[in-house]
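J.: Got a structure here, written out as C-alpha cells. Questions coming.
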Amino acid sequence: MFTAWKTGTAAHRRYLIRTIAFTAPYVAICVVMMTTDAFDQVMGKPAAWGLAAAVSAPVIGQIWATLALMRESDEFVRGVTAKQFIVASGLTLAVATFWGFGESFARAPHMQTWLIVPVFWAMYGLVSPFIRSSR
C-alpha cells in the first residue's frame, strides 16, 4: 500500500484514502456487531433498519470509490480495473449460487447474505494479480 502511495497516480492516492475512509467504519461496525451485544436492543425494531443503512453506507461508498478510480484514471487502468471488477463479480455470483444450492440440497449451514461483500473483495484481491491487461 505504501508503495502504491509513493509510485501511484493522484487517482490511486485518492482511491486509497477513500478505501480507508469507507472500510474503517464498515469493519468497526461489523466487529462490534459480531463481538458484543451493543446492537441487541434494536434487533427486530424499526431502528434496526437505521443500523442496516449505517453498515451498508460504507459498502456503497467503496463501490463509488472504485468507480471514481476508473473515472479518474487513464483508459488502460480503467479497462483493467473494470475487467478485475467484472471477473470478481462473476466469481462471487458463482460462489454464492453454489453455496445457496448447497444450503438447499446438501444441508450446508446458512450464511448471512452480508458476507457477500467480503467474499467479493477477496475475489477481487485474488483475481487482480492475474488480470494485468484489458484484453
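The values are calculated or read from the model by the stated rules, or taken from the named source; none is laboratory data. These figures come from a predicted structure and were not determined experimentally. Heads up: the accessible areas ignore ligands, DNA and RNA and are worked out on the full protein's heavy atoms, side chains in. Shrake-Rupley method; radii C 1.70, N 1.55, O 1.52, S 1.80 Å.
J.: For the chain, modelled as a Gaussian network with Cα springs under 10 Å, which listed residue fluctuates most, VAL80, VAL42, VAL95?
T.: Of VAL80, VAL42, VAL95, the Gaussian network model singles out VAL42 as fluctuating most.
J.: Given an 8 Å cut-off on Cα distances and at least 6 residues of separation, report the relative contact order of the range 15-72 as a percent.
T.: That works out to 60 percent.
J.: Using θ = phi - 60° and the Karplus form 6.51 cos²θ - 1.76 cosθ + 1.60, what ³J(HN,Hα) does each residue of the range 22-39 get, whole Hz, x for Gly and Pro?
T.: Listing the rounded values in order: 8, 6, 4, x, 4, 5, 4, 5, 5, 5, 4, 4, 8, 10, 10, 10, 4, 9 Hz.
J.: Right, next: Whole-Hz ³J(HN,Hα) for each residue in the range 50-64, computed from phi via Karplus 6.51 cos²θ - 1.76 cosθ + 1.60 with θ = phi - 60°, x for glycine and proline: what do you get?
T.: x, 5, 4, 5, 5, 6, 6, 4, x, 5, 4, x, 5, 5, 4
J.: Pick out which of SER104, SER56, SER73 has the largest mean-square fluctuation in a Gaussian network model of the chain, springs linking Cα atoms closer than 10 Å.
T.: Maximum fluctuation in the GNM of the chain, among the listed residues, is at SER104.
J.: Among [x] 11, 33, 33, 18, 6, 0; [y] 11, 44, 35, 9, 0; [z] 9, 19, 12, 9, 8, 8, 7, 7, 6, 5, 4, 4, 2, 0, find the value of P(r) over Cα pairs in 10 Å bins from 0, in percent that was calculated from the structure presented, and write down its label.
T.: [x]
J.: A further question on this structure: Rolling a 1.4 angstrom probe over the protein heavy atoms, how many square angstrom per residue are accessible across the chain?
T.: For the chain, the solvent-accessible area averages 68 Å² per residue.
J.: Over all distinct alpha-carbon pairs, what is the Kirkwood Rh of the range 57-122 in angstrom?
T.: It works out to 13.4 Å.
J.: At a 1.4 Å probe radius, carbon and sulfur cover how many percent of the accessible area of the chain?
T.: 72 percent
J.: What value, in deg cm²/dmol to 500, does the helix sum -39500 (n - 2.57) over DSSP H runs of n ≥ 4 give at 222 nm once divided by the residues of the chain?
T.: -26000 deg cm²/dmol
J.: Using each residue's phi in the range 79-85, evaluate 6.51 cos²θ - 1.76 cosθ + 1.60 at θ = phi - 60° and report the 3J(HN,Hα) Karplus result to the nearest Hz, with x for Gly and Pro.
T.: Once rounded to whole Hz, the list reads x, 5, 5, 4, 5, 4, 4.
J.: Normalised by the residues of the chain, what does the relative contact order come to in percent, with Cα pairs under 8 Å and at least six apart?
T.: It comes to 25 percent, rounded to a whole number.
J.: Quick one: order ARG14, ARG135 from most to least accessible surface, probe 1.4 Å.
T.: From most exposed to least exposed: ARG135, ARG14.
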